[in-house]
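One structure is given here, and the rest of the page talks about it.
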Amino acid sequence: MNLVWAAIGAAAGLAAGALLRGLVFRLSVPAGAPDRVACPGCAAGLPRRPALRCPQCGQALGVPAVLELATAAVLALLCGRFGGQPLTLALGFLGAVGVALAAIDLSVQRLPDRLTLPAYPVLIALLAVAAVAGHDLATLGRALLGGLVMAGGYLLLGLVRPGQLGGGDVKLAGLAGLVLGWLGWRAVLTGAALGFVLAGVTSLALLAARRVTLRSAISFGPYLLGGALLAILAEGPAGAHFP
């Protein structure tokens with residue numbers, strides 16, 4: 001862990017979380033509902049630009065500092081582990097978008113296409129830049145295959161067990177699979193498995209605490225992302241160069 005790069009990642013995460021907080025607030029609505037366009041405190045229209053508070057009454061948009069600190073923690077871990085590698089920018093982007101998506105999913109059990117789908121071309125472009133910088137186009141090809149395998153696997157599971165995984169989970173799995181595929185097939189398998197392990201352990205703990213029942217639906221996106229994060233950190237920089 002490189003502490004200098006970890007500090008850079010934390011600073012970038014604080015900024016990214018602040019920029020994303022307004023968008024997360026807007027998109028944290030149930031599926032099919034319109035985006036939030038007004039302040040819940042004074043009903044004034046919200047600005048399109050990034051904002052932390054309502055410009056009229058000053059009410060915070062979302063819980064203050066939570067998104068920023070979570071994004072800072074994730075980017076500190078990723079940059080501290082991969083700082084200086086060609087993959088760093090792609091990891092930072094996925095980390096910031098992943099925290100935003102996890103926050104929305106935990107709030108309303110939804111992974112909005114407006115955030116997930118535009119992330120695909122950006123992440124692929126960043127991986128392409130990393131491949132050119134590292135003179136390793138073969139790794140880019142494996143990353144694309146990793147995204148297809150992860151998305152296809154989750155789609156198959158969703159068809160076999162309807163209601164367990166949603167379309168948003170499938171799209172998010174493909175996004176995570178791009179980076180996991182870059183690191184190697186071991187990372188793809190480990191990341192996919194850890195998501196289900198984290199979800200299972202957490203569900204058992206919540207059942208034991210009587211916080212949920214067997215019929216309760218859980219947000220799977222945060223566990224998918226958590227499993228991917230653990231697999232990425234475990235693989236380390238060496239995985240960026242060898243399958």
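The values are calculated or read from the model by the stated rules, or taken from the named source; none is laboratory data. Only a predicted model underlies this, so the values are computations on that prediction, with no experimental measurement involved. Methodologically, a virtual Cβ is constructed for each residue, glycine included, from the backbone with ideal geometry; neighbour enumeration extends over all protein chains shown. Please note that ligands, DNA and RNA were not included when accessible areas were found on the heavy atoms of the full protein model with its side chains. Shrake-Rupley method; radii C 1.70, N 1.55, O 1.52, S 1.80 Å.
Residue by residue, here is whether (1) among the β-branched types (Val, Ile, Thr); (2) crowded, with 16+ Cβ neighbours inside 10 Å; (3) touching a helix residue (DSSP H, G or I) at 6+ places or on another chain (Cβ under 9 Å); (4) under 27 Å from PRO86 (Cβ atoms) holds:
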| position | (1), (2), (3), (4) |
| --- | --- |
| GLY146 | no, yes, yes, yes |
| PRO162 | no, no, no, no |
| GLY166 | no, yes, yes, no |
| LEU204 | no, no, no, no |
| ALA209 | no, no, no, no |
Take the residues in region 53-82 that are in a loop (DSSP other than H, G, I, E, B) and closer than 20 Å to GLY95 by Cα, then tell me which one is modelled with the highest pLDDT. ALA65
Note on region 88-140: residues among the small types (Gly, Ala, Ser), more than 21 Å from PHE25 (Cβ to Cβ), part of a helix (DSSP H, G or I) and open to solvent by 30 Å² or more (accessible area, probe 1.4 Å) are ALA125, ALA128, ALA133, ALA138
Please go through region 53-84 and pick out each residue that is among the charged types (D, E, K, R) and either closer than 14 Å to ALA16 by Cα or free of Cβ contacts under 8 Å to residues at least 60 places away in the same chain (or both). ARG53, GLU68
State yes or no: is ALA234 small (Gly, Ala, Ser), part of a helix (DSSP H, G or I) and open to solvent by less than 70 Å² (accessible area, probe 1.4 Å)? no
Of the residues in region 21-61 that are in contact with a Gly (Cβ under 8 Å, 6 or more places away or on another chain) and of a type in the set (Val, Ile, Thr), the one that is most open to solvent (accessible area, probe 1.4 Å) is VAL37
Answer yes if at least one residue in region 5-20 is hydrophobic (A, V, I, L, M, F, W, C), farther than 22 Å from LEU224 by Cβ, assigned to a loop (DSSP other than H, G, I, E, B) and touching a Leu at 6+ places or on another chain (Cβ under 7 Å), and no otherwise. no
